[in-house]
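The values are calculated or read from the model by the stated rules, or taken from the named source; none is laboratory data. Keep in mind that what you see is a predicted model, and the values were worked out from it rather than measured. Heads up, the Cβs are rebuilt from the backbone with ideal geometry, glycines too, and the neighbour counts pull from every protein chain shown. To get the accessible areas, we keep the full protein, side chains included, count just its heavy atoms, and leave off ligands, DNA and RNA. Shrake-Rupley method; radii C 1.70, N 1.55, O 1.52, S 1.80 Å.
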Amino acid sequence: MEQQLKQLEQEALAKIQAASNLKELNDVRVAYLGKKGPITDLLKGMGKLSPEERPKMGALVNAVRENVTAQLEEKAAVLEEQAIQEQLEKESIDVTLPGRKVRQGNRHPLTRVIEEIEDLFISMGYEIAEGPEVEKDYYNFEALNLPKGHPARDMQDTFYITEEILLRTHTSPVQARTMLAKKGEPFRIICPGKVFRRDNDDATHSHQFMQIEGLVVGEDIRMSDLKGTLDALAKKMFGAEREIRLRPSFFPFTEPSVEVDVSCHKCGGSGCNVCKHTGWIEILGGGMVHPNVLEMGGYDSKKFSGFAFGIGAERIAMLKYGVDDIRHFYTNDNRFLAQFHRTEGV
């Protein structure tokens, strides 16, 4: 039995050394040390030995078992390290290859213009107000002194969803909602947002565009307040040397109403192709809030007054950055957008 045990030990050690992977090594462990393995069988046969032989053989079997177990663990460590090295070789990365360039984005020019205007008016104590793009006819027209059948509605061809629901044609509905929400309290707001009109898209028109409107309501608000505010806006967006002029106009929601021109930033007012040799460029419209609009908003028009104005973000961006086609802002052409990396801070 002692001879048989030594033979089993030699066979097990030989197969352990021959194992080339962890699976083969585990098979050797099960074959020799498992419940049905020959070493386990020898332990079970100890009862057939005489009392004198039993301790000697028990010690010998345990020694063989411990030796085989130790060799298995040592071999397993070697094979595990080998497996890791093989995996690393298969998954190796050539660090000498050039990396993939991460393209850096930048803010859209319209976003930059809107944020610049917002920053200006926030510094002047204004709040930013927002409202729904899908609007009720009442807030878009009737609350702004444009009742059904009013001829001025033709100036704003509208996308109607139902007879009473539409895509807003300006951000003025936000002004009407704000007046009702303020319940007769003075306030100053600007309302940036997307608006929609049934225009044929061309170099200067779009069926959707970004508009920024402003509204101030309080006591003793005068036209001079409007002019001073718009003068600050023109100087912020086009340079401290710019001047503005007001021309009489008509809007149903303001009385009196004005068109606002800024002195040409390219020629300084002497005349060029940008200003069509007039020295002035039209940039926005505004006026004093119509008494009917104040009354519908819950304000006593004999006590309160206000001014309002509206400006297109695209119009400002086109003048500020020299863009000749409004459609460039919406085509997502990286060749166009990438140019504004160079104009950051302008």
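Things to note:
- Qualifying residue in segment 193-202 (condition: among the β-branched types (Val, Ile, Thr), within 35 Å of the chain's Cα centre (by Cα), in a loop (DSSP other than H, G, I, E, B) and in the same structural domain as THR331 (by TED's automatic domain parsing)): no
- Which numbered condition PRO192 fails, given (1) open to solvent by less than 30 Å² (accessible area, probe 1.4 Å); (2) touching a Lys or Arg at 6+ places or on another chain (Cβ under 9 Å); (3) under 30 Å from ASP333 (Cα atoms): (2)
- Checking SER224, SER257, SER270, SER249 one by one, the residue that is out of contact with any helix residue (DSSP H, G or I) (no Cβ under 8 Å at 6 or more places or on another chain) and farther than 29 Å from LEU180 by Cα is SER270 and no other.
- The residues of segment 119-145 that are part of a helix (DSSP H, G or I), among the hydrophobic types (A, V, I, L, M, F, W, C) and either open to solvent by 60 Å² or more (accessible area, probe 1.4 Å) or within 27 Å of ILE165 (Cα to Cα) (or both), listed by number, are ILE122, ALA143, LEU144.
- Enumeration of residues in segment 228-266 that are buried (at least 17 other Cβ atoms within 10 Å of the Cβ), not in a strand (DSSP E or B) and not polar (S, T, N, Q): LEU230, LEU233, ALA234, MET237, PHE238, ARG242, PRO252, PHE253, CYS264, HIS265
- All conditions in (1) open to solvent by 30 Å² or more (accessible area, probe 1.4 Å); (2) out of contact with any Ser or Thr (no Cβ under 8 Å at 6 or more places or on another chain); (3) not small (Gly, Ala, Ser) hold for PHE304, with the sole exception of (1).
- Scanning segment 146-186 for residues that are surrounded by 15 or more Cβ atoms within 10 Å (Cβ to Cβ) and of a type in the set (D, E, K, R) yields ARG153, ARG168, ARG177, LYS182.
- When segment 1-42 is filtered for residues that are under 60 Å from the mean Cα position of the chain (by Cα) and not in a helix (DSSP H, G or I), the ones remaining, listed by number, are ALA19, SER20, ASN21.
- Residue-level check: of (1) part of a loop (DSSP other than H, G, I, E, B); (2) touching a strand residue (DSSP E or B) at 6+ places or on another chain (Cβ under 7 Å); (3) not acidic (Asp, Glu), PRO98 misses just (2).
- Check on GLU135, within 30 Å of the chain's Cα centre (by Cα) and of a type in the set (D, E, K, R): yes
- Among the candidates GLU295, GLU314, the residue that is within 24 Å of ALA181 (Cα to Cα) and charged (D, E, K, R) is uniquely GLU295.
- Among the residues of segment 319-336, those identified as open to solvent by 30 Å² or more (accessible area, probe 1.4 Å), at pLDDT below 90 and in a helix (DSSP H, G or I) are LYS320, TYR321, ASN334, ARG335.
- Residues of segment 269-280 satisfying the condition of being surrounded by fewer than 20 Cβ atoms within 10 Å (Cβ to Cβ) and among the hydrophobic types (A, V, I, L, M, F, W, C): CYS272, VAL274, TRP280
- Yes/no for LEU79 being more than 29 Å from the chain's Cα centre (by Cα) and at pLDDT 85 or above: yes
- Set side by side, the residues SER224, SER270 differ, and just one is in the same structural domain as PRO192 (by TED's automatic domain parsing), part of a helix (DSSP H, G or I) and without any contact (Cβ under 8 Å) to a residue 12 or more places away in the chain, which is SER224.
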